[in-house]
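Asker: Sharing a structure below in structure tokens format, with a few things to ask.
Values in this text are rule-based calculations from the coordinates and carry no lab data. Computed from a predicted model, the values in this text were never measured in an experiment. In this analysis, Cβ positions are derived from the backbone assuming ideal geometry, glycine residues included, and neighbour counts consider all displayed protein chains.
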Amino acid sequence: MPTFQFQAMDATGQEIRDVIEAATEEEAQSTIRQMGYYVTSIKAKRGAAAQESRIGKKKKPFGIGGGGAKKVTAFTRQLSILQDAGLPILKSLQILEEQSKPGSLKNALIDTCEEIESGATLSEAMAKCPRIFDRLYVNMIKAGEAGGAMELILQRLADFMERSQSLKRKVIGAMIYPCFVIFAAVVILAFIMILIVPTFKEMFEEFELDLPAITQLLIAISEATATFWYLIPLLPFTLWLFVKLIRKFRHGRMGWDIFILRLPIIGKLAEKNIMARTCRTLGTLVASGVPILEALNITRETAGNGKFEYLYTQISDAIREGETMAVPMKAHSKLGFHVVATFFWFLTGAIPGLLVLVLAAIATTRAEGDNDMENQTLVLMLLQLGGIFVGAGGVLAVLVYMLRMGGRVVDDIVVNMVDVGEQTGELDTMLYKVADVFDEEVKVMTDGLMALLEPLLIMFLGGAVGFIVVALFMPLIDLITNLTGGGA
């Protein structure tokens, strides 16, 4: 008969450690409860049971990648319901594993069930599947096992994951519309520049028209687009790759993240989103009984921003020295100066000048072999203007950054609420309130940003189409006028 090791608490709250023989884990738990103990942990002794489980090992279906946050969230909610109904943890996992579709989550549940059958606890088993169950998940399960409140912990974990998914869906949903409009606009404008404008150019050359400057500029842009069309997808990809490589280095990541946090509108949205996520994470861990230092380390890993990671590191160090959270939270929340952030601000301010330099390059290409002094003067003027705009725009952007770098990523109201929570012993409640407030602010800002982006995109498209129409119809009007006058 299998032997089970168990930990339990008696009526006085004293911890009991012992072994018991039973046919199944459910029978062992029932016997322990009849002895007047409350089971906090139980596992089969390794040996024969482990050998039997290895013999009957399930064949895992093919699966790649992670389990997907949506699937793991649904699994957590279902597991919390089964635990609330009183089913043993192994039976609950087996039910959910059988219901799961083939994939990484199903494979992880198979491994977890096998580990538990071999005598491991749920947290130990889940820790061996880090791609599906992260540190936050495992530590909360461990806290539930230690406190004997697995049903409550799973409910909190499911609530936390559902709220996080809801916030993530709001932000992603808000970005779908502008991204689609911008993509469609780029495709349409590229089509016009590559296929439509050259047709008009041939017609203008046949009639030997003197083209106005705006039409010459449109034809130059069309020729450049047709020649360097591959740069349209390549430039965004190169920028994305450049930022990704920079963020591989500690200082590069910190500088980029500080740059993002101080961008107009986008920076505030990112800041509030991170505050909502980290406060809810920390509040959930504290409420579940995870030690504060471990909770801070897990929260730091889920921040996704170098500045916030630094902030939570400083808070953790201060708590080790006996301080409260509120003091280091206020002291280390200033952004400060960073060389990489300064570089990105300069680059952002230099964009108008770089566009002028691109126009100068296009004009230079058209003026090759042309001895027209007027065209050469125009090219020289564009080059000078481009250089001036690059320098002035970059310096102005850096000055704006200097004025904004003293700002803090944690408001006074957050510091005060955390301070009150520590003094009253309701830190988790206060962190939940902060997260709720920032969740609502993110929703309001996202809706406002969407309302602002729509007219801006319409104005951009209207301006681009208007420029093309005017540039093409001005020579046509002259042509019609000449033909009409000639016919007369």
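Asker: Please compute the volume of the convex hull spanned by the alpha-carbon atoms of the range 251-368 and report it per residue in Å³.
Answerer: Numbers: hull volume 14.0 nm³, N = 118.
Per-residue hull volume (Cα only) is 118 Å³.
Asker: For Ala185 and Gln314 in the same chain, what is the full-extension length gain: residue separation times 0.36 nm, less their Cα-Cα distance, in nm?
Answerer: Values: separation 129, 0.36 × 129 = 46.44 nm, distance 4.58 nm.
Fully extending the segment from Ala185 to Gln314 adds 41.9 nm.
Asker: Evaluate E = 1/(1 + (r/R0)^6) for Arg131 and Val470, where r is the Cβ-Cβ distance and R0 equals 60 Å; express this FRET efficiency to the nearest 0.05. Before the final figure, lay out the partial values.
Answerer: Details: r = 56 Å, r/R0 = 0.93.
Result of the calculation: an efficiency of 0.60.
Asker: log10 I(q)/I(0), Debye, Cα-only the chain, no solvent, q = 0.07, 0.09, 0.11 Å⁻¹?
Answerer: -0.58, -0.82, -1.04
Asker: Calculate for the chain the 222 nm mean residue ellipticity that helices alone would give, adding -39,500 (n - 2.57) per DSSP H run of length 4 or more and normalising by residue count, nearest 500 deg cm²/dmol.
Answerer: Details: 21 runs with 362 residues, N = 488.
Helices in the chain give a 222 nm mean residue ellipticity of -25000 deg cm²/dmol.
Asker: Okay, moving on. Mind putting a number on the dipole of the chain about its Cα centre? Charges go on the C-beta only, +1 for Lys and Arg and -1 for Asp and Glu, and I need it in Debye to the nearest 20.
Answerer: Working: 46 positive and 52 negative charges, 234 e Å.
Roughly 1120 debye for the chain.
Asker: Separate question: Separation between the Leu456 and Ile196 pseudo-spin-labels, each 7 Å from Cα along Cα→Cβ, expressed in nm?
Answerer: Label at Leu456, label at Ile196, 2.5 nm between them.
Asker: Another question about this same structure. Using all Cα-Cα distances in the range 202-317, what percent lands in each 5 angstrom bin from 0 up to the longest?
Answerer: Calculated P(r), rounded to whole percents: 2, 10, 13, 13, 11, 8, 8, 7, 5, 5, 5, 4, 3, 2, 2, 1, 0.
Asker: Now a separate question. How far apart, in nm, are the 7 Å Cα→Cβ label points at Ile95 and Ile480?
Answerer: Result for the modelled spin labels: 7.6 nm.
Asker: Hey, fewest Cβ within 10 Å first, where do Lys43, Lys71, Lys168, Lys248 land in order?
Answerer: In increasing order of surrounding Cβ atoms, one gets Lys248, Lys168, Lys71, Lys43.
Asker: Answer with one residue from Val470, Leu354, Pro198: the one whose Cα lies farthest towards the positive end of the charge dipole of the chain, charges on Cβ with Lys, Arg +1 and Asp, Glu -1.
Answerer: Leu354
Asker: Next up: Quick one: compute the contact order of the chain, relative version, from alpha carbon pairs under 8 angstrom and 6+ residues apart, as a percent.
Answerer: On the way: 550 pairs, mean separation 64.4, N = 488.
Averaging sequence separation for qualifying contacts and normalising by length gives 13 percent for the chain.
Asker: Among Val414, Ala184, Ala295, whose Cα lies farthest out toward the positive end of the dipole of the chain, if unit charges sit on the beta carbon of Lys, Arg (+1) and Asp, Glu (-1)?
Answerer: Ala295
Asker: Also: Please compute the alpha carbon radius of gyration of the range 114-231, then divide it by the globular-protein estimate 2.2 N^0.38 Å. Two decimals is fine.
Answerer: Details: Rg = 30.1 Å, N = 118, 2.2 N^0.38 = 13.5 Å.
The value comes to 2.23.
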